[in-house]
Each structure stands twice: as structure tokens, then as C-alpha cells.
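To keep things clear, I will list the structure first and then write my remarks on it.
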Amino acid sequence: MPKQFDIPRIYRSDLIGEIKRRRSASDARKEDLAPTEIDLGPVLFKISRFFGFCYGVENAIEIAYRALEENPDKRVFILSEMIHNPNVNADLVRLGVRFLQTAEGEQLIPLSILQPDDVVIVPAFGTTKEIFDILGQLGIDPQRYNATCPFVEKVWKRGRQLAQQGHTIVIHGQHTHEETRATFSHIRIDGPSVVVRDRSEAELLARFIRGEAPSEQFYQDFAGRFSQSFTVPQDLIRLGVVNQTTMLAEETHEIAQIIKQALIARFGAETISEHYADTRDTLCYATSENQRAMGGLLDATGDIAVVVGGYNSSNTSHLVELAEGRMPVFYVRDAEEILSRSEIWHLDLQTKSRELTKNWIPERTPVRILISAGASCPDAMVEAVICKIASFFPQARPVTIPSNLIAP
């Protein structure tokens, strides 16, 4: 039975929670990716099979609230955003938590002000080896409230194992993202590493692996994204690929294949096992599930899609990317962004700006709306979005659990 976390009631939804329980009971093997349909008459919602809080997020929230409960008279800090959801982070601030850094690593409060009696929470993304060491030197135990996602730590462990075996680690991630910064920091202890953001950067790296580009060019093309003393071509002979757990799983597979094929081109297929390490076991289950479910949701077809999550959430943005080009998709951080049937605020991933779109809901009925959410989005926020949209249809039936879902 999955572990049950103690998270605040405000993040839970009786509606969404019951739908998830019933779907899980009827599909224990998680093979059915068809969405759940809530038919209200003039509007039909199709809800993704998997979405919302993952294991790592619930674990982090439980730890953060436990730290507050156990230390009512102490100063409580979090190294950076607990998770990439502004509502959850704002709740913690209202309870007295102070953030030491921004998500991008900008120092808000100098670590030098910390005292041994202070409480410091490590967020779900983890933190760098250097910060762990600094906290220890200040007399603060960083493990006491360490909310690093176990799947992130799994990437660190696997990467370090491969590095100790003589492999250079290629990290698929955003090099400014706090999880990737942490992964890079922990892995480089044991060996060389380099960060690639996407397929195009993997193809660029492959040119250096194959020896098609001058070695000195590497240091310009990957400036700020390789470990100290990285040497080309010597450190591009034995490679393994790990990822920032919130990246597109399919893209990580493609990058791994690009690297593998480049090694085959250089050393031959018969010796590839000496040069390439299979690291498929580092992909986060929740990221993969949510992305697979988004595929099932899009296959079910709809008129528009609404994806809910923090605007700096990597995993949420990738769900939006999967929908783009298939239909109009609106990336909202919460129900407050949805003003009316004719106006909605949303994030445009292309321009990276919050935009106001008019007449976003088609006039025809029934209108079919696809719903998904990122791994750091509370179920309560998803229900609020559904109810907000439903309120724009006066003839709509009440939002309830679909009758065709068998109770567990």
C-alpha cells in the first residue's frame, strides 16, 4: 500500500481524491491511460489519469509542516522554494518560514546569519554538496529536515556509482535549475560531468564525442556546464546519461541514444558496453506517468486544454509542451487566473510571459475541456479550476464523481 503522507487538508480534494482512488482500484497495473470524464451537459471535462502531487512533493510538504510544528519558538528557513508552486510556498511564508535563496540560486539571506539553533529545511530539489557542508560547519544538521526527493537522490547515487567506475556523466537538465545544480554538485565529486539541456545540445556534444569538432570549441559551447578539469577528448570515452527528474522522459531517452550512437560511431558497436552505461533506471516514475497520461488525454481529443501548475515548474511546462500544436492550451497557476468565460490569464511558454487571452472557451456546446496538472499542484487547486470553469455554464449539472467509476 502506498505511503500516506500527513499534508494539510487545504491541499486535498474530496472529489479528485476519490476519483484517483477509484481509478487506482480498477487499474492497479496503471495500464489504462484514458482520462476520467465528468459530463456536466454543456461542458465535458476530461481529466488526466495521472497528475498532481507526487511522492516527493507530499514528502517535502509533510517535512516542512512537521518542522514548523516541532519548532514553534525557533527561526525556520528553507534553502529555496520548497516546491515549484507559489501557493504552497506562500502558505509557508505566512506561517513564518523564510527563504534563503531564490529558485535560481540568488542569495536572499546570507547563510552567515544562521545560528546552530536555527532550523533549515532542504527542499524537494535537494541542494549542493557545498551548501550541505556549509550548514554542517555552522552547527546545523541539514539531514534533520532534509526533504530531498528520494528519486532525486537516486539520480545522485547512480551518477556517482558510474563516475566511480570511470564514466563521465551527461546530465540532461536545465543547468540553472536547483535540482540540476545539486545533481551536478554531487556527481562531480567522483568524476567529470557535463549538462545538456535538449536534443540539439546532445547533438552538439556528439560532434565532440565523434571527434568532428575541435576540442577547444567544447569549452566555449558548454561554458559553465562542465566540471572542473574536464578534458576533451579523454573525458568523452566512457559515458552515462542521467536526468533532472522533471524533464521530458522521451527526450532523455533520445539524448541517451544520441550519445550511444556517437560512441558507436567512434569505437564500434562490438565494444559499446565498455563505453556506454545504460541508465534508464534513473527516470522518475511520476514524471513518466504524468507524461504518458498526458498522451492518453490528448488522444481522447478535446476543444481546449487547461494545465495547472506553478509558472516556474519544469514538469508542468513539459505537459504544456506535449499539448501545444494539438489544440489551444492554457497554462494557469490557479483558478484565480481564470477571469470569465471570455478572459483568462495564462503563461505563454514561447514568450515566457503571462498573457491575457479573450474568448478562450469555444461558443459551441458541449465544449470538451482537457485537464491536467503538474506534480507540485495540489488536488484542491485542480478542483477549484474545474468548478470555476463549470460556473460559466448556468445550465451545467453539479460537479460530482462520475457514476461509471466503481467505488473501491
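The values are calculated or read from the model by the stated rules, or taken from the named source; none is laboratory data. Keep in mind it's a predicted model, so treat the numbers as computed, not measured. Quick reminder, even Gly has a Cβ in these numbers, built from the backbone with ideal geometry, and neighbours come from all protein chains shown. Heavy atoms of the whole protein, side chains included, go into the accessibility calculation; ligands, DNA and RNA do not. Shrake-Rupley method; radii C 1.70, N 1.55, O 1.52, S 1.80 Å.
What to note about this one:
- Against the conditions (1) surrounded by 14 or more Cβ atoms within 10 Å (Cβ to Cβ); (2) without any contact (Cβ under 8 Å) to a residue 40 or more places away in the chain; (3) in a helix (DSSP H, G or I), THR252 satisfies every one except (2).
- Segment 119-131 residues that are on the phi > 0 side of the Ramachandran plot, paired with ones that are open to solvent by less than 10 Å² (accessible area, probe 1.4 Å) (beta carbon under 7 Å, 6 or more apart): GLY126/THR148; GLY126/VAL152; GLY126/GLU179; GLY126/ALA182
- Exactly one residue among GLN107, GLN137 is of a type outside the set (Phe, Trp, Tyr), at pLDDT below 95 and more than 30 Å from ALA249 (Cβ to Cβ), and that residue is GLN107.
- Where a residue in segment 140-155 is closer than 29 Å to THR279 by Cα and its partner, wherever it lies, is of a type in the set (Phe, Trp, Tyr) and open to solvent by 10 Å² or more (accessible area, probe 1.4 Å), with Cβ under 8 Å and at least six apart: PRO142/PHE132; THR148/PHE125; CYS149/TYR55; CYS149/PHE125; PRO150/TYR55; PHE151/TYR55; PHE151/TYR285; VAL152/PHE125
- Close Cβ contacts (under 8 Å, 6 or more residues apart or on different chains) running from residues in segment 43-58 that are part of a helix (DSSP H, G or I) to residues that are open to solvent by 20 Å² or more (accessible area, probe 1.4 Å) comprise TYR55/PRO2; TYR55/LYS3; TYR55/PRO150; TYR55/PHE151; GLY56/PRO150; GLY56/PHE151.
- Against the list (1) under 30 Å from ARG144 (Cβ atoms); (2) in a helix (DSSP H, G or I); (3) touching a strand residue (DSSP E or B) at 6+ places or on another chain (Cβ under 9 Å), the condition ARG23 fails is (1).
- Selection of segment 213-228 for residues being in a loop (DSSP other than H, G, I, E, B) and farther than 21 Å from ASP190 by Cβ yields ALA213, PRO214, ALA223.
- Any hit, segment 256-276, residues being modelled with pLDDT of 95 or more, assigned to a loop (DSSP other than H, G, I, E, B) and under 25 Å from GLU363 (Cβ atoms): no
- Residue check, GLU203 in contact (Cβ under 8 Å) with a residue 24 or more places away in the chain, in a helix (DSSP H, G or I), of a type in the set (D, E, K, R) and surrounded by 23 or more Cβ atoms within 10 Å (Cβ to Cβ): no
- Which numbered condition GLU321 fails, given (1) in contact (Cβ under 8 Å) with a residue 40 or more places away in the chain; (2) of a type in the set (D, E, K, R); (3) open to solvent by less than 30 Å² (accessible area, probe 1.4 Å): (3)
- Flag if GLN228 is at negative phi, touching a Lys or Arg at 6+ places or on another chain (Cβ under 9 Å) and polar (S, T, N, Q): yes
- Pairing residues of segment 21-36 that are in contact (Cβ under 8 Å) with a residue 60 or more places away in the chain and crowded, with 18+ Cβ neighbours inside 10 Å with residues that are among the polar types (S, T, N, Q) and in a strand (DSSP E or B), at Cβ distances under 9 Å and at least 6 apart in sequence or on separate chains, gives ARG22/THR36; ARG23/THR36; PRO35/SER372.
- Scanning segment 174-219 for residues that are within 19 Å of the chain's Cα centre (by Cα) and of a type in the set (Phe, Trp, Tyr) gives a single hit, PHE184.
- Only a single criterion out of (1) modelled with pLDDT of 95 or more; (2) open to solvent by less than 60 Å² (accessible area, probe 1.4 Å); (3) of a type outside the set (A, V, I, L, M, F, W, C) is not satisfied by THR245, namely (1).
- Checking each residue in segment 135-179 for being farther than 23 Å from THR246 by Cα and in contact with a helix residue (DSSP H, G or I) (Cβ under 6 Å, 6 or more places away or on another chain) picks out only PRO142.
- Residues (of a type in the set (D, E, K, R) and either within 25 Å of ALA147 (Cβ to Cβ) or open to solvent by less than 20 Å² (accessible area, probe 1.4 Å) (or both)) located in segment 1-20: LYS3, ASP6, ARG9, ARG12, LYS20
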